[in-house]
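Notes follow once the structure below has been shown.
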Amino acid sequence: MMTFSEALKHPENTPYDRLKALGITLPEAPPPIANFVTHVLEGKLLFLSGQGPNDSEGRAHTGKVGADVSVEAAYGHARLTGINLIAVMHAALGDLGRVRRVVKLLGMVNATPDFADHPAVINGCSDLFIEVFGENGIHARSAVGHGSLPGQITVEIEAIVAID
């Protein structure tokens, strides 16, 4: 995993170079699961609908964080969700180089009522965005717990991105 300081040492690298260095191949942008679109482009802002932890074979990671899913596993699920969000960015923009700034994330965790480490879970996505976009990946964020999420997925994350 590339650290933030390592990402900043290589500002000449594109997001695609950084993805390659991380060993990440972007999947096809996951389709919406209901009556909505994956993104809306409004002016210089790209609004990304919530994505979940679906792997390249379409399998969704499910379970309750704090019961049958560990913080470490859920961190990985949030990272995978971040990859899916980046895939939507790529599909929407055609070039990740157009990302001026990741402005805001809303991370939702399917957690037990007594679970209290939501930020550590959503760091999986936040860390990835900083690794891929460098300074432009630093964002405002909320990380909250829910009693359930669609299909009992472990995490769902949505984003707002400023673009050039």
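Bear in mind these aren't lab numbers, they're just calculated from the coordinates by the rules spelled out. The shown structure was predicted, so the numbers you read here are calculated from the model rather than taken from an experiment. Neighbour counts are summed over all protein chains in view; Cβ atoms, including those assigned to glycine, are modelled from backbone coordinates with ideal geometry.
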Subject >> Geometric extent, Cα atoms of the chain - Rg, Dmax (angstrom) >> reply: 14.9, 44
Original post:
Among 23-33, 112-122, 80-90, what's the highest-first ranking by average C-beta atoms within 10 angstrom per residue?
Top reply: 80-90, 112-122, 23-33
**OP:** Have a look at segment 42-123 and give its Rg and Dmax from the Cα atoms, expressed in angstrom.
**Re:** 14.2, 42
Original post:
By per-residue mean of other Cβ atoms within 10 Å, what is the highest-first order of 149-162, 130-143, 53-66?
Top reply: 149-162, 130-143, 53-66
Original post:
Within a Cβ distance under 14 Å of residue 144, other residues only, what is the Lys/Arg minus Asp/Glu net charge?
Top reply: -1
